[in-house]
Ligand code: IFM
């Protein structure tokens, strides 16, 4: 397969994605308040290399140079996130205009360069004062999020083409409140389930405000989805895969797209399920203009009655893993998209993140990341395959523009198309960056419709 032989629609969005805490740095500047990630990362033992996002890629100061780089790559979309603690440092109090000024400069800079801004409102940097008051398990955080969404969209309005409320609510709730691997580092099933409901409710509640303040923009949410495969054909493992699907995928897809939580998961969680008030599910399932899908790999699971619901154990990858230990499994992307098309009424889809960490080395001033090129090529082809089968995909965002703070792994895992020398903050485009730029230029020249 040669991805250059495939044709994508002429108006397809070719982009890259990043997130505020992972790249911005400048955590104490211009009135930004602390976030749960500042707190979590500065507690010893939480981050593999002991790093924090205090400086990260220093994008807060180098944003112009980063936008120029995006323009040179030929991108027509940039997915970034807005740091809530820059905009409302206390979480639910006064708006910090200096924080909004930064994003206004960024958005205008993108528009000047012909790059469509795709802004995510919540990519995990909850203001610490809100966590001190209970965080996402507290229903009051929903109102605080709506006020924050209001402040952002009043200022940026329709200049942002696409607003996503949340990125990967599974991670924000389960990694953060159940598994303790992400901020705020708690391990409590009930809290995690309440957090997940409130993240969804905050999404739905904010949709009204977004539509009022930015009527010309498109509004949606971004989920990370994994196909769940059984470790063996045994009925117990097949049932385990079905349960994992409920836990990971349907727990978010069903309320958003069907207005109900999946029965198997609801029953499985027993009395740990969150309290749902009248109207919550109608709010959560308000129509979406787009669904963002993040795809990295699949899950292979076996039945394990010794752990709480979904009572499964994850198995190591069967195929080649990336540096994250995640299996390279491009056909899973086609599978996920075809499944969405088969089972749900879908809005247009954006592949909002896809990429891989590899052990990149800078040698003689360049980085030959051929494994990443192959990863991207295979996944873009898998995406195209789903489009050929009728899935309405409007854009692809590589994760990530540049190496950055990879959460609990610190700076050890490099996902970028652009290498970052953290000593000097030099940006060095890897081979994958030139490859991606070449693909974009070739697709633009071809001005195609979807066909293989
Ligand atoms: O770095 C993350 C990103 O913040 C959310 N999606 C997955 C990426 C790779 O782990």
Problem - Single match in 79, 86 (criterion: closer than 27 Å to residue 41 by Cα, in contact (Cβ under 8 Å) with a residue 24 or more places away in the chain and in contact with a helix residue (DSSP H, G or I) (Cβ under 8 Å, 6 or more places away or on another chain)) - result: 86
Exercise for the section: Determine whether residue 102 is within 26 Å of residue 131 (Cβ to Cβ), modelled with pLDDT of 95 or more and assigned to a helix (DSSP H, G or I). Expected result: yes
Exercise for the section: Determine which single condition residue 216 fails, assuming it passes every other condition in (1) assigned to a helix (DSSP H, G or I); (2) in contact (Cβ under 8 Å) with a residue 40 or more places away in the chain. Expected result: (1)
Practice task
Look through 35, 81 and report the one residue that is touching a strand residue (DSSP E or B) at 6+ places or on another chain (Cβ under 9 Å) and closer than 17 Å to residue 16 by Cα.
Solution key: 81
Handout entry: Single condition residue 325 does not satisfy, out of (1) within 16 Å of the ligand (Cβ to nearest atom); (2) surrounded by 22 or more Cβ atoms within 10 Å (Cβ to Cβ)
Key = (2)
Practice task
Could you tell me which of the residues 336, 393, 373, 328 is touching a strand residue (DSSP E or B) at 6+ places or on another chain (Cβ under 6 Å) and touching a residue at least 40 places away in the same chain (Cβ under 8 Å)?
Solution key: 393
Practice task
Quick one: which strands (runs of 3 or more DSSP E) lie wholly within the range 340-452 and hold at least 2 residues that are under 23 Å from residue 69 (Cβ atoms) and within 14 Å of the ligand (Cβ to nearest atom)?
Solution key: 349-354, 393-399
Completion exercise
Residues of the range 106-125 being closer than 18 Å to residue 214 by Cβ and assigned to a helix (DSSP H, G or I), in sequence order, are 106, 107, 108, 110, 111
Problem - Count of residues meeting criterion [surrounded by fewer than 24 Cβ atoms within 10 Å (Cβ to Cβ) and either modelled with pLDDT under 95 or within 16 Å of the ligand (Cβ to nearest atom) (or both)] in the range 173-210 - result: 5
Exercise for the section: Say whether the condition of being within 26 Å of residue 203 (Cβ to Cβ), under 23 Å from the mean Cα position of the chain (by Cα), surrounded by fewer than 19 Cβ atoms within 10 Å (Cβ to Cβ) and away from the ligand (no atom under 16 Å from the Cβ) is met by at least one residue in the range 81-104. Expected result: yes
Exercise for the section: Taking the residues in the range 126-152 that are part of a loop (DSSP other than H, G, I, E, B) and either away from the ligand (no atom under 16 Å from the Cβ) or at pLDDT below 95 (or both) as candidates, determine which candidate is nearest to residue 353 (Cα to Cα). Expected result: 136
Problem - Matching residues, the range 153-172, being farther than 14 Å from residue 100 by Cα and assigned to a helix (DSSP H, G or I) - result: 158, 169, 170, 171, 172
Exercise for the section: Kindly indicate whether residue 339 is under 23 Å from the mean Cα position of the chain (by Cα) and surrounded by fewer than 21 Cβ atoms within 10 Å (Cβ to Cβ). Expected result: yes
Handout entry: Residue identified as free of Cβ contacts under 8 Å to residues at least 24 places away in the same chain, part of a helix (DSSP H, G or I) and under 18 Å from the mean Cα position of the chain (by Cα) among 200, 175
Key = 175
Exercise for the section: Determine which member of the set 241, 234 is at negative phi and either modelled with pLDDT under 95 or crowded, with 19+ Cβ neighbours inside 10 Å (or both). Expected result: 241
Problem - Checking residue 194 against (1) in a loop (DSSP other than H, G, I, E, B); (2) out of contact with any helix residue (DSSP H, G or I) (no Cβ under 7 Å at 6 or more places or on another chain); (3) more than 22 Å from residue 67 (Cα to Cα), the condition it does not meet - result: (1)
Problem - Qualifying positions in the range 342-359 - within 22 Å of residue 119 (Cα to Cα) and surrounded by fewer than 21 Cβ atoms within 10 Å (Cβ to Cβ) - result: 346, 347, 348
Handout entry: Residue in the range 290-300 that is surrounded by 15 or more Cβ atoms within 10 Å (Cβ to Cβ), over 30 Å from residue 14 (Cβ atoms) and touching a strand residue (DSSP E or B) at 6+ places or on another chain (Cβ under 7 Å) present
Key = yes
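I'm checking my understanding of the structure. Among residues of the range 9-20 that are outside any strand (DSSP E or B) and more than 27 Å from residue 404 (Cβ to Cβ), which one is nearest to the ligand (Cβ to nearest atom)?
11
The values are calculated or read from the model by the stated rules, or taken from the named source; none is laboratory data. Model, not experiment: these values are computed from the prediction. For neighbour counting, all protein chains shown are included, and Cβ atoms are generated from backbone atoms with ideal geometry for every residue, glycine included.
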